[in-house]
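> Dumping the structure here so I can ask a few things about it.
The values are calculated or read from the model by the stated rules, or taken from the named source; none is laboratory data. Model, not experiment: these values are computed from the prediction. Cβ: placed from backbone, ideal geometry, glycine included. Neighbour counts: every protein chain shown.
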Amino acid sequence: MADFEGTALLTPSEMARADELAIGQGRTGLALMEAAGKAVADAVRLNAAPQPVVVLCGQGNNGGDGFVVARRLAAAGWPVHVAFSGHIDALPPDARTNAEAWTGETLPLSPDALAGCAIVVDALLGAGLSRDVSGDMARVIDAVNRSGRPVFAIDIPSGVDGATGAVRGIAIKADRTITFFRKKPGHLLLPGRGQSGRLSVVDIGIPGAVLETIGVTLRQNTPELWSLPPLDAGGHKYGRGAVMVVSGGLLNTGAARLSARAALRIGAGLVTLVGSRDALQVHAAQVTAIMLREAAGPEALAEAIAAGKIDAAVIGPAASVGETTREASLAILASGVAAVLDADALTSFAHTPDTLFAAIARRPDRPVVLTPHGGEFARLFGRIEGSKVDQARVAAERSGAIVVLKGGDTVVAAPDGRAVINAHASPLLATAGSGDVLAGMIAGLLARGMTGLEATCAAVWLHGDAALRHGRPGLVSDDLPDLIADAMAAITPASLR
Ligand SMILES: NC(=O)C1=CN([C@@H]2O[C@H](COP(=O)(O)OP(=O)(O)OC[C@H]3O[C@@H](n4cnc5c(N)ncnc54)[C@H](OP(=O)(O)O)[C@@H]3O)[C@@H](O)[C@H]2O)[C@@H](O)CC1
Ligand SMILES: Nc1ncnc2c1ncn2[C@@H]1O[C@H](COP(=O)(O)OP(=O)(O)O)[C@@H](O)[C@H]1O
Ligand SMILES: [K+]
């Protein structure tokens, strides 16, 4: 996977390390703080006309940034006051220097400090959040959120955990958040993403090279991370890969058809639906370019994989939960093709996850992708502590598979610890069958020869993009496969289409 710096995400402790490394290379903490405060003051000035501002300052360096903002806005002629309840002596040194340099009005931190101001700058808590917010600070945050005034948050909305995106008790709901050097996971994970409003990242003089020393393994999903395979002028359909999708029974065929259509749209050369004769009769009335092959039972499935020169298989969408799906999944895993296990295939191993993980481990040479939503994840992996990223990472390591922990903030994790957060999606995707489409998209890109993590991240991004392209209410999962072509075209140079 390509390694573009701009996509790196830093946890608060990694960010502290970045600060440290920058300071070790000759920057001063005070210069970084000045640059941070200047960037926020500039953002306020760019986005609003001069009007009364209150800067809410906390007890740490986030508050220090706030004092810089107050000084700079006041110097530009804006009416500004600070609300601060701590002791200046107790501030960390750089914050103290800036608090001492503030010569304007300072009020105690309370909801009364909002009176008469039109804009709020939130400098209460940043990377140093260490416990739930309570007491006076909670009351002020609640008053800010109720006030309806525009809020500019410094680094992260106060109360949002930068590592996990969790709201610790209560958190500022910002209109804009200005963060420094790189985004933090808490800006992309829910609910933190919703608290952050429009996010901008500014350079405060930390050299990009520190990322290598830190060894960042978490990234934001963007097309910079992967590239779709170019088409070959002399290519034939087998060269573009063959996908097999296992169908559900007579009354449960739709989900597999969604996967199959998506796999074909995303560029697999051939797609075959396999299942019982009666299920295939339903498919036959619905599909044209997709092929059908009768195969009931694990042996027949293995034969179908060999006969169809299959590169990637999908099993799970409406497959039914139980022995049949379990055996079919194991047959696919034993065959050595790239595999996407979704929905019922995951639940079928809820009581025997180790059987699944052992089958995955037997053929480490080929990618296996597990695509659980939160419920399926809990059934297969039980309760795992930590953020959504931590959970997906543990599950990937335990299973030996790429794990896609789905939702509004889908996380993709690989067994080697690399992880990616996707924020390029739409809540329109919360509709029956959209996960089936995603499973087919991943399989299609695996069949086209992309590596496991690249194929998965590309499919997750394009799936989100397809929904964003629909861009209005009324999306149903049947619409999604037909939106994939435009999503791919937008990121593929014309010469390579
Ligand atoms: N380092 C640098 O060079 C640069 C850093 N920069 C800026 O610094 C920020 C990080 O600063 P920081 O580490 O001082 O932490 P910060 O978020 O201000 O909070 C710490 C204070 O809050 C307190 N506290 C914690 N939780 C609490 C709660 N729930 N309720 C109430 N209080 C709570 C905590 O108390 P304690 O846990 O110590 O008891 C401590 O007093 C970063 O976000 C960025 O804006 C930029 O200037 C660029 C250069
Ligand atoms: N609020 C949301 N915002 C963005 N994407 C979402 C949201 N809710 C669900 N999704 C996406 O929609 C898909 C739903 O998959 P899944 O829950 O398996 O549904 P189904 O089983 O009906 O196909 C996943 O890709 C998930 O990430
Ligand atoms: K803040």
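> When you scan the range 126-227 for helices (runs of 4 or more DSSP H) that lie fully inside it, which ones turn up with 3 or more residues that are within 17 Å of the chain's Cα centre (by Cα)? Even if it seems obvious, please write down each step before you answer.
Working: elements: 135-147, 185-188, 192-196, 210-214.
The helices (runs of 4 or more DSSP H) meeting that bar are 185-188, 192-196.
> Let me ask something else about it. Cβ-Cβ under 7 Å, sequence separation 6+ or interchain: first residue in the range 271-282 and under 25 Å from R448 (Cβ atoms), partner at pLDDT below 95. Which pairs?
T272/G308
> Of the residues D155, D132, only one is at pLDDT 95 or above and within 20 Å of A39 (Cβ to Cβ); which?
Details: D132 fails: within 20 Å of A39 (Cβ to Cβ).
Answer to the check: D155.
> Would you check if there is a residue in the range 16-36 being within 14 Å of ligand 3 (Cβ to nearest atom) and either over 28 Å from the mean Cα position of the chain (by Cα) or among the basic types (K, R) (or both)?
yes
> Please go through the range 1-44 and give me each residue that is of a type in the set (S, T, Y), surrounded by 15 or more Cβ atoms within 10 Å (Cβ to Cβ) and either out of contact with any Asp or Glu (no Cβ under 7 Å at 6 or more places or on another chain) or farther than 30 Å from L453 by Cβ (or both), ordered by number. Please lay out each step first, then the result.
Going residue by residue through the range 1-44, those that are of a type in the set (S, T, Y) are 7, 11, 13, 28.
Going one step further and asking which of them are surrounded by 15 or more Cβ atoms within 10 Å (Cβ to Cβ), we end up with 7, 11.
Scanning the range 1-44 gives a single hit, T11.
> Would a scan of the range 62-76 turn up a residue that is without any contact (Cβ under 8 Å) to a residue 60 or more places away in the chain, exposed (fewer than 15 other Cβ atoms within 10 Å of the Cβ) and not hydroxyl-bearing (S, T, Y)?
For the range 62-76, residues without any contact (Cβ under 8 Å) to a residue 60 or more places away in the chain, exposed (fewer than 15 other Cβ atoms within 10 Å of the Cβ) and not hydroxyl-bearing (S, T, Y): present.
> Return the residue satisfying two criteria in turn: it lies in the range 102-117 and is assigned to a loop (DSSP other than H, G, I, E, B) and crowded, with 16+ Cβ neighbours inside 10 Å, and of such residues it is nearest to ligand 3 (Cβ to nearest atom). Before you say what the answer is, go through the steps one by one.
Taking the range 102-117 as the starting set, the residues that turn out to be assigned to a loop (DSSP other than H, G, I, E, B) are 102-105, 108-110, 115-117.
Retained after the next criterion (residues that are crowded, with 16+ Cβ neighbours inside 10 Å): 102, 109, 117.
Working: W102: 17, L109: 13, C117: 17 Å.
Among those residues, the one meeting the criterion is L109.
> Something else now. Would you mind stating whether G197 is under 23 Å from A36 (Cα atoms) and more than 16 Å from ligand 2 (Cβ to nearest atom)? Quick ask: steps written out before the conclusion?
Working: under 23 Å from A36 (Cα atoms): yes; more than 16 Å from ligand 2 (Cβ to nearest atom): yes.
Against the criterion (under 23 Å from A36 (Cα atoms) and more than 16 Å from ligand 2 (Cβ to nearest atom)), G197 qualifies.
> Does the range 60-75 include one or more residues that are among the polar types (S, T, N, Q), within 12 Å of ligand 3 (Cβ to nearest atom) and either under 24 Å from G169 (Cβ atoms) or at pLDDT below 95 (or both)?
Filtering the range 60-75 for residues among the polar types (S, T, N, Q) gives 61-62.
Now restrict to residues that are within 12 Å of ligand 3 (Cβ to nearest atom): 61-62.
Okay, now just the ones that are also either under 24 Å from G169 (Cβ atoms) or at pLDDT below 95 (or both), so 61-62.
Yes, because at least one residue in the range 60-75 is among the polar types (S, T, N, Q), within 12 Å of ligand 3 (Cβ to nearest atom) and either under 24 Å from G169 (Cβ atoms) or at pLDDT below 95 (or both).
> Separate question: So which pairs qualify, if the first residue must be in the range 7-25 and within 14 Å of I204 (Cα to Cα), the second must be part of a helix (DSSP H, G or I) and of a type in the set (S, T, N, Q), the Cβ gap must be under 7 Å, and the two must be at least 6 apart or on different chains?
L21/T213
> Still on this model: Under the condition of being aliphatic (A, V, I, L, M) and touching a strand residue (DSSP E or B) at 6+ places or on another chain (Cβ under 8 Å), which residue from the range 422-453 is nearest to ligand 3 (Cβ to nearest atom)?
First pass over the range 422-453, keeping only residues aliphatic (A, V, I, L, M): 423, 425, 428-430, 432, 437-439, 441-443, 445-447, 450, 453.
Remaining after also requiring touching a strand residue (DSSP E or B) at 6+ places or on another chain (Cβ under 8 Å): 423, 438-439, 442-443, 446-447, 453.
Working: A423: 20, L438: 35, A439: 39, I442: 37, A443: 43, L446: 42, A447: 46, L453: 33 Å.
Out of the qualifying residues, it is A423.
> Just one of L109, L73, L124 is in contact with a strand residue (DSSP E or B) (Cβ under 8 Å, 6 or more places away or on another chain) and either within 15 Å of I156 (Cα to Cα) or not assigned by TED's automatic domain parsing to the domain that holds R168 (or both); which is it?
Working: L109 fails: either within 15 Å of I156 (Cα to Cα) or not assigned by TED's automatic domain parsing to the domain that holds R168 (or both); L73 fails: either within 15 Å of I156 (Cα to Cα) or not assigned by TED's automatic domain parsing to the domain that holds R168 (or both).
Exactly one residue qualifies, and that residue is L124.
> I would also like to ask the following. For the range 257-268, check the following and say yes or no: at least one residue is without any contact (Cβ under 8 Å) to a residue 40 or more places away in the chain, of a type outside the set (G, A, S), surrounded by 14 or more Cβ atoms within 10 Å (Cβ to Cβ) and under 19 Å from A439 (Cβ atoms). It would help to see each step written out before you state the result.
First pass over the range 257-268, keeping only residues without any contact (Cβ under 8 Å) to a residue 40 or more places away in the chain: 257.
Now restrict to residues that are of a type outside the set (G, A, S): 257.
Add one more test, that the residue is surrounded by 14 or more Cβ atoms within 10 Å (Cβ to Cβ), and what stays is 257.
So of that shortlist, the ones also under 19 Å from A439 (Cβ atoms) come out as 257.
The answer is yes, given that some residue of the range 257-268 is without any contact (Cβ under 8 Å) to a residue 40 or more places away in the chain, of a type outside the set (G, A, S), surrounded by 14 or more Cβ atoms within 10 Å (Cβ to Cβ) and under 19 Å from A439 (Cβ atoms).
> For the range 233-259, enumerate the residues that are at pLDDT 95 or above, assigned to a helix (DSSP H, G or I) and not hydroxyl-bearing (S, T, Y).
Pass one, the range 233-259, residues at pLDDT 95 or above: 241-259.
From what is left, the residues that are assigned to a helix (DSSP H, G or I) are 254-259.
Within the range 233-259, G254, A255, A256, R257, L258 qualify.
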